[in-house]
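Please read the structure below before turning to the comments.
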2 protein chains.
Amino acid sequence: MKEKTVVILSGGMDSTTVAYKAKNAGFDIVALHFNYGQRTQNKELQSFYAICDDLNIQNRYVIDLDFFKQIGSALVDKNMKIPTNGLEEGIPATYVPFRNGIFLSIATAIAEKEGAKSLMIGVVEEDSSGYPDCRENFIKSMQEAINLGTKDDTHIQIITPLIHLKKEDIVKEAIKEGVKLELTWSCYQNEDKACGVCDSCRLRLKGFEKAGLIDPINYKR
Amino acid sequence: MKEKTVVILSGGMDSTTVAYKAKNAGFDIVALHFNYGQRTQNKELQSFYAICDDLNIQNRYVIDLDFFKQIGSALVDKNMKIPTNGLEEGIPATYVPFRNGIFLSIATAIAEKEGAKSLMIGVVEEDSSGYPDCRENFIKSMQEAINLGTKDDTHIQIITPLIHLKKEDIVKEAIKEGVKLELTWSCYQNEDKACGVCDSCRLRLKGFEKAGLIDPINYKR
């Protein structure tokens, strides 16, 4: 029997690469997606379904977290502007407080229910635009907390296959794993054509450029 | 200026005692309540509001977590029976996987937004009916993870004033702090008169009995 894993799958390039890696490594995938009122929620959900279809993943959880609107971030608050002038030092306006902590906690509950032995998340430490909840020491610490706060016979490993990669390496990894990159979505602000100028688009485009490859999705400019 | 704290307030006896303690100690309270599809959701929310009113807490968050229905537990799944035959060894059917992990993660996001330096939660290790996410080692570990996964200038302490108390001591503590016990609700299954036989009612009633006091709420039997 294949080993079950819960993959947190936003539909972006990073989490999608993780899902393909898990599939290619023979895992039985439980795919987990969050709607949290982010601007590109519909587009991301559409990507999530298309990727699950392509990977033949039947076991899907789509979790609505409307409360993020009560917490705020440029990602969910349309009164705030998404930064488009290039990456800056420090924590950006798109930071959603403890988002990965919340995601991993919910993934833990699902893993315990499903009998999965691991959670996979596509966090990237170096290219993480300054989000503290993408750092490896946080992930390790969270794994410890998770195993103390669940049943004694639950043992969950948090697997972060991309954490030490640069964006260009993720692009190469995606190609190697056969990821259908045209199904993925990374832009923070648009749902039709990617803006090309938000931090997420900039990182993605730079990754393709450095990898010497062309991004198959459509950009506005 | 008073120091801000986020109090997770279900409206039960334990969390309410924590809220009164925080108030009496001079904290500026941000009250946080979760609707997660638990059977007594309406009654608990009503208790939450009444307690906030009594303590003059204006800063209230009511967070809807409908997804717990997708995870399951006798607390949220009406096809499962709430155990009423007395406390048994092991993890009960009312266990909701990693519930306090999820609650603390969301409380962290709110604390970071509000600039609160602590979270308070009414977990009780000994009388916790076998829930692993009520243990002190979990709480300590979660605090570490939280501080690694938030901004560098965010420092959050998880305060658990009741963790080593027995239920009878909590009853005495509640009286000492002036808690309006008639506003609280602990029963897992009823919203009109407490059943008296679920684990939560049994623990509460035993606590009053051992403390030599009468519980002011109405019981069915």
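The values are calculated or read from the model by the stated rules, or taken from the named source; none is laboratory data. Please read these numbers as outputs of a predicted model, since none were measured by experiment. Here Cβ is always computed from backbone atoms with ideal geometry, including for glycine, and neighbour counts include all displayed protein chains.
Things to note:
- Residue among A:K151, A:K176, A:K180 that alone is more than 19 Å from A:S10 (Cα to Cα), modelled with pLDDT of 95 or more and surrounded by fewer than 18 Cβ atoms within 10 Å (Cβ to Cβ): A:K176
- Put simply, of B:D77, B:D133, B:D66 the only residue that is facing another protein chain (nearest Cβ under 7 Å), acidic (D, E) and assigned to a loop (DSSP other than H, G, I, E, B) is B:D66.
- Evaluating B:T108 against the criteria (1) in a loop (DSSP other than H, G, I, E, B); (2) crowded, with 16+ Cβ neighbours inside 10 Å leaves one unmet condition, (1).
- Candidates A:G122, A:G196, A:G212 - the one that is more than 11 Å from chain B (Cβ to nearest Cβ) and under 25 Å from A:K23 (Cβ atoms): A:G122
- If only residues of the range B:146-161 that are facing chain A (nearest Cβ under 10 Å) and among the polar types (S, T, N, Q) are counted, the one that is farthest from A:M142 (Cα to Cα) is B:T154.
- Residue satisfying all of: in the range B:21-69; touching a strand residue (DSSP E or B) at 6+ places or on another chain (Cβ under 6 Å) and of a type in the set (S, T, N, Q); modelled with the highest pLDDT among these: B:N59
- Answer residue from the range B:73-92, given it is more than 22 Å from A:D152 (Cβ to Cβ) and surrounded by 14 or more Cβ atoms within 10 Å (Cβ to Cβ) and is nearest to the chain's Cα centre (by Cα) among those: B:V76
- Tally of residues being more than 7 Å from chain A (Cβ to nearest Cβ) and more than 16 Å from the chain's Cα centre (by Cα) across the range B:106-115: 3
- Leading residue by the ranking (farthest from the other protein chains (Cβ to nearest Cβ)) among those in the range A:93-105 that are assigned to a loop (DSSP other than H, G, I, E, B) and crowded, with 19+ Cβ neighbours inside 10 Å: A:T94
- Scanning the range A:12-30 for residues that are within 12 Å of the chain's Cα centre (by Cα) and buried (at least 24 other Cβ atoms within 10 Å of the Cβ) turns up A:M13, A:D14, A:S15, A:T16, A:T17, A:V18, A:A19.
- Test result for A:E44, of a type in the set (D, E), free of Cβ contacts under 8 Å to residues at least 60 places away in the same chain and out of contact with any helix residue (DSSP H, G or I) (no Cβ under 7 Å at 6 or more places or on another chain): no
- A:A50 in contact (Cβ under 8 Å) with a residue 24 or more places away in the chain and buried (at least 23 other Cβ atoms within 10 Å of the Cβ): no
- Condition check for A:G122: in a loop (DSSP other than H, G, I, E, B), closer than 21 Å to A:L205 by Cβ and modelled with pLDDT of 95 or more: yes
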